[in-house]
Amino acid sequence: MTVITSRDNPRVRRWRDLMRDAGERRKQGRAIIEGENLIAAFLESGREVESLMLSKAASSRPEFVALATQSGTAPSVLSDQLFRSIVDVETPAGIAAEIAIPSSAGKLESAESCVLLDAVQDTGNVGTILRSAAAFGIRHAVLGKGCADAWSPKVLRAAAGAHFSMQISELADLAAAMTEFGGRIACTLPRDGVPLANADLSGRIGWLFGAEGKGVHGALAALAALKVTIPMPGGAESLNVAAAAAICLYEHARRRIAP
């Protein structure tokens, strides 16, 4: 077994750049996913990895050998120290893969619902919103300028595989995306909106969520036909955007599947 040990190896430098640099990911149309669960979810979506990486210590683990066999790709084995220098976690699982970023060519006008994110910068929030959207049957997400990079390691981990069942557009013109969607747009307000339980969620709804603290920009909020508020009897000033999104998407899904 040949083990790669040099930090100057061209593939190692490329993988490190893809892991750390959003601009490089967009330029190359490639990303790095790390960990058994994400790689399994990617393969189960019917896609093929570009390359597979294993740390030397993990190279003989049966579950990783099985993933390599499933992928049909001969893995590159890296020294443990070199593997840790590439991935974004302190205690890596020992397996990672380079993937082609899936196309975002899905058509919004045919989508039953979608989520639109306005300058949501926190990686954990972006990933959690994508995870909630996928869990509640939404297959389209549109990220406007100022959002965290959807294919960054932290967003990928927080989304827990949601990326591979969704069409995700980035750096989008949100006003144009709302027009393309064509259904009603709903946005959340901390107060003075229609209480969520009373809101009319029939038909095609696109959910617009705004930046932490600032909320949706006024010009975009003005385009929303429906403005909803989540009642908070506990007296909190506002909810974390990912928590608010999960509540809204759950309520929308509950009504869609209700008898």
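Regarding segment 6-28, can at least one residue be identified that is among the hydroxyl-bearing types (Ser, Thr, Tyr), in contact (Cβ under 8 Å) with a residue 24 or more places away in the chain and touching a helix residue (DSSP H, G or I) at 6+ places or on another chain (Cβ under 6 Å)? Give the derivation first.
In the first step, residues of segment 6-28 are kept if they are among the hydroxyl-bearing types (Ser, Thr, Tyr); the result is 6.
Now restrict to residues that are in contact (Cβ under 8 Å) with a residue 24 or more places away in the chain: 6.
From what is left, the residues that are touching a helix residue (DSSP H, G or I) at 6+ places or on another chain (Cβ under 6 Å) are none.
The answer is no, given that none of the residues of segment 6-28 is among the hydroxyl-bearing types (Ser, Thr, Tyr), in contact (Cβ under 8 Å) with a residue 24 or more places away in the chain and touching a helix residue (DSSP H, G or I) at 6+ places or on another chain (Cβ under 6 Å).
The rows are residues; the columns are (1) hydroxyl-bearing (Ser, Thr, Tyr); (2) surrounded by fewer than 13 Cβ atoms within 10 Å (Cβ to Cβ); (3) assigned by TED's automatic domain parsing to the domain that holds residue 32.
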position: 165; (1), (2), (3): yes, no, no
position: 169; (1), (2), (3): yes, no, no
position: 176; (1), (2), (3): no, yes, no
position: 184; (1), (2), (3): no, no, no
position: 199; (1), (2), (3): no, no, no
position: 206; (1), (2), (3): no, no, no
position: 212; (1), (2), (3): no, no, no
position: 218; (1), (2), (3): no, yes, no
position: 225; (1), (2), (3): no, no, no
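Among residues of segment 104-150 being in contact (Cβ under 8 Å) with a residue 12 or more places away in the chain and of a type in the set (Ser, Thr, Tyr), the one that is nearest to residue 242 (Cα to Cα) is 128. Please verify whether residue 49 is surrounded by fewer than 21 Cβ atoms within 10 Å (Cβ to Cβ) and over 17 Å from residue 168 (Cβ atoms), treating the condition exactly as stated. No, not satisfied. Can residue 129 be described as at pLDDT 95 or above, farther than 26 Å from residue 23 by Cβ, buried (at least 23 other Cβ atoms within 10 Å of the Cβ) and outside the structural domain of residue 19 (by TED's automatic domain parsing)? So residue 129 fails the test.
Let's see how each residue does on (1) surrounded by 15 or more Cβ atoms within 10 Å (Cβ to Cβ); (2) in the same structural domain as residue 147 (by TED's automatic domain parsing); (3) aliphatic (A, V, I, L, M):
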| site | (1), (2), (3) |
| --- | --- |
| 39 | yes, no, yes |
| 53 | yes, no, yes |
| 56 | yes, no, no |
| 59 | yes, no, no |
| 63 | no, no, no |
| 74 | no, no, yes |
| 96 | yes, no, yes |
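Determine if segment 83-94 includes at least one residue that is part of a helix (DSSP H, G or I), closer than 24 Å to residue 2 by Cβ and aliphatic (A, V, I, L, M). Looking through segment 83-94, at least one residue is part of a helix (DSSP H, G or I), closer than 24 Å to residue 2 by Cβ and aliphatic (A, V, I, L, M).
What strands (runs of 3 or more DSSP E), lying completely within segment 107-221, carry at least 1 residues that are under 22 Å from residue 32 (Cβ atoms)? Please lay out each step first, then the result.
Working: elements: 113-118, 140-144, 167-172, 184-188, 205-210.
Strands (runs of 3 or more DSSP E) meeting the threshold: 140-144, 167-172.
Working only within segment 29-62, note down all residues that are without any contact (Cβ under 8 Å) to a residue 60 or more places away in the chain, out of contact with any Lys or Arg (no Cβ under 8 Å at 6 or more places or on another chain) and not in a helix (DSSP H, G or I). If the condition is that a residue be without any contact (Cβ under 8 Å) to a residue 60 or more places away in the chain, out of contact with any Lys or Arg (no Cβ under 8 Å at 6 or more places or on another chain) and not in a helix (DSSP H, G or I), then 46, 48, 49, 52, 53, 54, 59, 60, 61 are the ones that fit. On the given criteria, is residue 224 more than 30 Å from residue 28 (Cβ to Cβ), in contact with a strand residue (DSSP E or B) (Cβ under 9 Å, 6 or more places away or on another chain), modelled with pLDDT of 95 or more and part of a loop (DSSP other than H, G, I, E, B)? When the stated conditions are applied, residue 224 passes them. Residues that are surrounded by 14 or more Cβ atoms within 10 Å (Cβ to Cβ), assigned to a loop (DSSP other than H, G, I, E, B) and over 21 Å from the mean Cα position of the chain (by Cα) within segment 227-251 comprise 230, 238, listed in sequence order. Taken as a whole, the condition of being over 26 Å from residue 48 (Cβ atoms), surrounded by 21 or more Cβ atoms within 10 Å (Cβ to Cβ), at pLDDT 95 or above and touching a helix residue (DSSP H, G or I) at 6+ places or on another chain (Cβ under 8 Å) does not apply to residue 124. Scanning segment 21-33 for residues that are closer than 13 Å to residue 150 by Cα and either surrounded by 15 or more Cβ atoms within 10 Å (Cβ to Cβ) or of a type in the set (Gly, Ala, Ser) (or both) turns up 22, 23, 25, 26, 29, 30, 31, 32, 33.
The values are calculated or read from the model by the stated rules, or taken from the named source; none is laboratory data. As the structure is a prediction and not an experimental result, all values here were calculated from the model. Please note: Cβ atoms are built from the backbone with ideal geometry, for glycine as well, and neighbour counts cover all protein chains shown.
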